[in-house]
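Heads up: the structure comes next, in structure tokens.
The values are calculated or read from the model by the stated rules, or taken from the named source; none is laboratory data. All values reported here derive from a predicted model rather than from experimental measurement. When we count neighbours, we look across all protein chains shown, and the Cβ atoms used for this are built from the backbone with ideal geometry, even at glycine.
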Amino acid sequence: PAYMSPEQANGDPLTARSDLFALGILLYEMLTGVKPFMGENNTEILAKIVRNRYVPPQRINPRIPYRLRRIIKKSLNRDPSRRYRNATELIHDLELFIPWQLRSKRKEILADFLGKLDKTRSNTFSETINLSLYSGKRLWSWRALQGGLIAAALYLVGFLSLQFHDNQLAYIKLVSEEKPAVIRIDDRQAVPLATSSVVIGPYLKGEHRIEISDSSTQRIFISRVHLTAADTLLLRPHFARLNVAVQVSISTYPQAAEVFVDGYPVGLSPLYNLPIEPGRHTIEIKKEGYSDISDTPRLTAAKAYALYYSLQPEKNSR
């Protein structure tokens, strides 16, 4: 359902503009790495499609050119009458944007696709309906339209491959001996975790705050990590032993970093089972040759916290 148009989600008649909407979803996903309409279940996805609620692609990948953003926005318009009238209009705008090196190969791409078209069976709901309505010359017109749409998307492959390399997205792989319950990234809505080993993302490169709770939600793992573009960070959360008082364990990479709690030095990392009063505290991590880290977690009574911090080398150090 993530590729449905609003009219298809509402059960309204479909037109070629419905497939232009689907192509807009495809372009959005290829440029950002995520689908514009996401949800925990099909009902939530369809609701977002009908309301046309999605994050502007430039907020995920700021390097998307303005002209290409306009093509995506017009293709994803909720009102079919405000989308491209036909594939010719869309291809025209793509022709003006796509580098000439790719446009010069459009005939070979389209010919190869149309040559394989008769050997491929229709599987999508949209194609099934339309192929049952069209016959003869009209059927060929529909197939030519489909070919033009897919060929237009293929024109972008060379450009999109560069975007994927530089679009500043990264992933996080969580591996835990215990099954975590939920994870919260940058204090956003908590996401449930199904297994003890899972890859989540994508996220923009840079600093992120991760908070993971165990199944009892009484033990919490907190970490500040640095994500590198086109990479997957391996994170192994370790939950501290639960005690009646607040117990805090602090570890860093690399080790032997100075740890300060509310301005007072408490030792070198790693530190285990530090007795700290409930409430919000300022934790500072310092190590020569690395950038300082400052965190202000709120510690709840009768919980155990394992804090992990990944230090980043200073730019002027080698």
Quick check on my filter: what residues within the stretch 52-75 are touching a residue at least 12 places away in the same chain (Cβ under 8 Å), closer than 30 Å to P192 by Cα and touching a Lys or Arg at 6+ places or on another chain (Cβ under 9 Å)? N52, Y54, P56, P57
Any residue in the stretch 36-51 that is surrounded by fewer than 20 Cβ atoms within 10 Å (Cβ to Cβ), within 16 Å of the chain's Cα centre (by Cα) and at pLDDT 85 or above? yes
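Residues are listed down the side, and each one gets a yes or a no for (1) in a helix (DSSP H, G or I); (2) closer than 30 Å to G206 by Cα:
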position: P13; (1), (2): no, no
position: L20; (1), (2): yes, no
position: L27; (1), (2): yes, yes
position: L46; (1), (2): yes, no
position: P62; (1), (2): no, yes
position: K74; (1), (2): yes, no
